[in-house]
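Chemist: Supplied in structure tokens, the structure appears directly below.
The values are calculated or read from the model by the stated rules, or taken from the named source; none is laboratory data. Keep in mind the model is a prediction, meaning the values are calculated, not measured. Counting neighbours? That spans all protein chains shown, and the Cβs are built from the backbone with ideal geometry, glycine included.
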Amino acid sequence: MSGSVIAIDGPAASGKSSTARAVAQALGFQHLDSGALYRGVTLVALREAADRGAAPAPPPGAPAHAHLAGPDPLRVVDAETILRAAEDWGLRLLPDGHGFTAYLQGEPVDAAIRSPKVTAHVSAVSALPVIREWVNIHLRATVRAGMDVVVDGRDIGTVVFPDALLKIFLTASPEARAGRRLVQRGSPTDPGTLAEEATLLAARDRADSTRAVAPLRRADDAIDLDTTNLSFTEQVARIVSLARNRLPGYT
Ligand code: CDP
């Protein structure tokens, strides 16, 4: 029997992953982070591109952050090559007690998949339809195996699990999102750094919302939750309460 799904979608750094993990823990569900798989595939693409000697960094005068974007891995590796490498190198999410951790070549890659370089390339890699299909197969297999999950991402309520028990669209103001991401990373939160981070988040949101396949979009039947002025405990409690009202056996 398939497990129950709670879908949490929303823009970059809206707190989806940390919220999803806490909601899962409160309900006895597992947290499934779809972004971790897209980030893992992007790490594979970058390593594969480096092995193939990708082109040099952008010239002087290139836009800010171009040094992070660096050589475009998609110029030297296509989607099929990336997926073959992901299979060969054993990219997978393995259970860690509360959810799943990404592994590559038998090693946890939690930090590597959240590097600025992976973040700069993940939207381009995740716009490729065959890569989305590959990720979706892995996500759906987990639920078909009978696991109850809280899944966070961009297209979970619209495409991956349209029949989810509960769909949340999590948002927060750009300033709040940038500030939270810097604190999470242990970076300074001065106005300049904040503005720079907000620009990076906005660029990723634009790329994720305007792509042709499975763009970031609120599902028609999703419940909006703006967390700008909510504490973490409050936002988790609201979702847990909404979920309990829908879960058989809880009411
Ligand atoms: O944590 P953060 O909000 O920064 O991003 P994430 O959830 O780790 O997702 C990283 C990237 O993966 C996103 O910017 C999207 O490009 C892509 N993604 C996607 O396309 N579809 C999903 N369901 C999840 C992530």
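Chemist: Looking at Val183, Val236, Val240, can you tell me which residue is under 15 Å from Ala20 (Cα atoms), touching a Ser or Thr at 6+ places or on another chain (Cβ under 7 Å) and among the aliphatic types (A, V, I, L, M)?
Modeler: The unique qualifying residue is Val236.
Chemist: Go through the residues of the range 124-132 one by one and say whether even a single one is among the hydroxyl-bearing types (Ser, Thr, Tyr) and at pLDDT below 95.
Modeler: Within the range 124-132, not a single residue is among the hydroxyl-bearing types (Ser, Thr, Tyr) and at pLDDT below 95.
Chemist: Next question. Could you list, ordered by first residue, the pairs with Cβ atoms under 8 Å in which the first is in the range 200-226 and touching a residue at least 40 places away in the same chain (Cβ under 8 Å) and the second is part of a loop (DSSP other than H, G, I, E, B) and among the acidic types (Asp, Glu), at least 6 apart or interchain?
Modeler: Ala214/Asp155; Pro215/Asp155; Leu216/Asp155; Arg217/Asp155
Chemist: Let me ask another. Only one of Arg218, Arg181 is within 11 Å of the ligand (Cβ to nearest atom) and charged (D, E, K, R); which?
Modeler: The conditions single out Arg181.
Chemist: Restricting attention to the range 23-35, which residues are crowded, with 22+ Cβ neighbours inside 10 Å, in a helix (DSSP H, G or I) and within 12 Å of the ligand (Cβ to nearest atom)?
Modeler: Scanning the range 23-35 gives a single hit, Ser34.
Chemist: Considering only the range 206-245, state which residues are buried (at least 17 other Cβ atoms within 10 Å of the Cβ) and acidic (Asp, Glu).
Modeler: Asp208
Chemist: In this structure, does Ile82 turn out to be crowded, with 18+ Cβ neighbours inside 10 Å and within 13 Å of the ligand (Cβ to nearest atom)?
Modeler: It is false that Ile82 is crowded, with 18+ Cβ neighbours inside 10 Å and within 13 Å of the ligand (Cβ to nearest atom).
Chemist: Out of the residues in the range 148-181 meeting the condition of being more than 17 Å from Asn229 (Cβ to Cβ) and small (Gly, Ala, Ser), tell me which one is surrounded by the fewest Cβ atoms within 10 Å (Cβ to Cβ).
Modeler: The selected residue is Ala164.
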